[in-house]
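In what follows, a single structure is set out as structure tokens and then discussed.
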Amino acid sequence: MSEVLRVERDDAIARVTLNRPGVRNAFNAELIASLLSTFEALAAEPPAALRAVVLAGEGKAFCAGADIEWQRASIGLSMEENEADAGRLQEMLVAIDECPVPVIAAVHGAALGGGMALCCVADITVATPDATFGFTEVKLGLMPAVISPFVLPRIGESAARALFVTGERFGAERALRIGLLSEVLPDQAALDARVEALLGEILSAGPEATRNAKAVIRDQRGLSRSDALRLPVERAARQRISAEGQEGLKAFLDKRRPTWREE
């Protein structure tokens, strides 16, 4: 694995840590490529092998956006080269967004620019009270365009209109209020404990059911009303007749643990 990204396994849990603490885990081409390849590999793992992913940052910050030297190197790139650069960032975000298992982002310190997108592509994002957030691209004469397809479904157009154009930084309370965060924990120890509790909840659920529950949300995006009504009915019926669904129902009725919780 690349030095800019650390991946550790705890049985069926993958812990992915941005590992560029000297630049507050800012994005460069190598980190983007490493995140993409890592999440592509994780997506190929079967339900029993991978149950959840924890995404975090090493050092004092979660992710401070784009690396200054990487930005410097982009000066003078052609339109086509800039589009390719932006496309690679978007491809990486899609890979995390479409990860088949729950992704928990544990945020501390700064989450700025592209770091905000990581907060939005995670299923559950928790933070400490000292975390700071911001779509700071406009301060550099740029714009949060590539990340917008992931941000808008999370915080809504109203919040985005206010925050995209000002580039102002804001705290964890506002991030919680607009839906960017799922929870704010009192300190790092409490955040770590909450992450472990969330993992315990995920591990207590059916592996296939968890993946399908995540997929049914994603797959309704952009559907017509009739298709959006039909899809979950079909998915619910399919899960109920599956081996896992049958086992879960029988275990409930028999007042015993289902097979995936026997350990």
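Each value in this text was obtained by applying a stated rule to the coordinates, not by laboratory testing. Everything quoted here is computed from the prediction, not taken from an experiment. As a convention, Cβ positions derive from the backbone with ideal geometry for all residues, glycine included, and neighbour counts pool all protein chains shown.
In table form, for the structure just shown:
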item	result
Output for the range 1-40, where each listed residue is more than 22 Å from M116 (Cα to Cα) and surrounded by 14 or more Cβ atoms within 10 Å (Cβ to Cβ)	S2, A12, I13
Counted residues, the range 117-165 - those being of a type in the set (D, E, K, R) and in a strand (DSSP E or B)	0
Residue within the range 47-55 that is out of contact with any helix residue (DSSP H, G or I) (no Cβ under 7 Å at 6 or more places or on another chain) and more than 15 Å from T17 (Cβ to Cβ) present	yes
Inter-residue pairs, beta-carbon under 8 Å, first aliphatic (A, V, I, L, M) and in the range 242-259, second in a helix (DSSP H, G or I), 6+ apart	L249/R240; A251/T259
Subset of the range 146-168 that is farther than 24 Å from M92 by Cβ and touching a helix residue (DSSP H, G or I) at 6+ places or on another chain (Cβ under 8 Å) - its residue that is surrounded by the most Cβ atoms within 10 Å (Cβ to Cβ)	T166
Some residue of the range 129-145 being of a type in the set (S, T, Y), buried (at least 24 other Cβ atoms within 10 Å of the Cβ) and in contact with a helix residue (DSSP H, G or I) (Cβ under 9 Å, 6 or more places away or on another chain)	no
Residue that is farthest from G206 (Cα to Cα) [pool: residues in the range 44-63 that are surrounded by 15 or more Cβ atoms within 10 Å (Cβ to Cβ) and among the aliphatic types (A, V, I, L, M)]	A61
